[in-house]
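The values are calculated or read from the model by the stated rules, or taken from the named source; none is laboratory data. Computed from a predicted model, the values in this text were never measured in an experiment. When we count neighbours, we look across all protein chains shown, and the Cβ atoms used for this are built from the backbone with ideal geometry, even at glycine.
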Amino acid sequence: MKNIILLLLPILFACNATKTATTTSGSISATAPYKWTNSFPRTIRISQQFNDDEAAAILLMSNAWSDSVDNEKNFMSYGSDVTEKTNNITNLDSLYDGVMGVYKCSNWPNSLPGSALAVTQIFGRRYNAGEDNEFVNIEHADIIINDDFYDFDTTDTGSGFDFRTVVLHEMGHFLGLQHKSSNSNRNLSVMFPSIDPTEAKRYPKAHDISDIADKYNISIGGAGPMSAGHKPNYSIKEGDPGKPVRILLELQANGDCVHKEDGVEVSRHGIH
Ligand SMILES: [Zn+2]
């Protein structure tokens, strides 16, 4: 229950040097949490580009987050399908549009590394900069799956990266969780920043559950919320207008990374 402070370490892979988080407004505090202060559920839409199995898997994974805490906290609700910007996202800034979505992108933007299986992009505002209770208030978030460079599998028997594992991880970011980069966390969290094609993590794990419970002050396993003295303090300093931030969190493929241009493979790198 004390895992409030998440270390955000840049992970460098041979394939593509990339940071786990970037922002348009300078470096972010390594320990500043991200959080919704709007009430749940947040409404999110599933792109029509997903097939029925994929759409069902997305709903299952939100249920997995809801079921991980007491009383099945409903974090996300689903609006009607997204009918635009489904597979041709070229301007990531344009996603801050009032419609939060899970997108299946078959034309991966040049601005994103090809080694990313998926990204979650968060728009928000950073408050209490430099203070102990600095945090990013999430205002908008979208999940974008890289259907251009990777194959995903919604079954237990097919080939490709496990679709549910990728979606569960991205939803963790949607809810404000950051990466658990330490190798020792790999089996205790779904927020490790890379997966390989044989990995399946379809339920939040111990660290994820305690992190989400702490962040939103909700009970787990019959244990009550944190005592007042240990609750994170998300109150905003008087007169602080907040500083707009855009955050990109990337889930990396831990295996062969294939780069394509216009659908054609142009290079392949091993990631170790
Ligand atoms: Zn991630």
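Results, tabulated for the structure shown:
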item	result
The lone exception for Ser184 - which of (1) in a loop (DSSP other than H, G, I, E, B); (2) more than 15 Å from the ligand (Cβ to nearest atom); (3) more than 23 Å from Lys35 (Cα to Cα) it fails	(1)
Residues located in region 193-223, provided they are over 18 Å from the mean Cα position of the chain (by Cα) and farther than 23 Å from Tyr150 by Cβ	Asn217, Ile218, Ser219, Ile220, Gly221, Gly222, Ala223
Qualifying residue in region 256-272 (condition: within 24 Å of Asn187 (Cα to Cα), modelled with pLDDT under 75 and within 16 Å of the ligand (Cβ to nearest atom))	yes
Residue in region 191-207 that is at pLDDT below 90, surrounded by fewer than 18 Cβ atoms within 10 Å (Cβ to Cβ) and small (Gly, Ala, Ser) present	no
Residue list for region 47-63, restricted to those being touching a helix residue (DSSP H, G or I) at 6+ places or on another chain (Cβ under 8 Å) and modelled with pLDDT under 95	Phe50
Pairs, first free of Cβ contacts under 8 Å to residues at least 40 places away in the same chain in region 160-177, second more than 10 Å from the ligand (Cβ to nearest atom) and aromatic (Phe, Trp, Tyr), C-beta under 8 Å, six or more apart	Gly160/Tyr150; Gly160/Phe152
The listed residue being away from the ligand (no atom under 13 Å from the Cβ), in contact with a Gly (Cβ under 9 Å, 6 or more places away or on another chain), acidic (Asp, Glu) and over 15 Å from Ala253 (Cβ atoms), out of Asp211, Asp196	Asp211
Out of Phe152, Phe135, Phe174, Phe161, sole residue that is crowded, with 23+ Cβ neighbours inside 10 Å, away from the ligand (no atom under 15 Å from the Cβ) and within 30 Å of Asn51 (Cα to Cα)	Phe152
Thr165 being assigned to a helix (DSSP H, G or I) and under 27 Å from Lys215 (Cα atoms)	yes
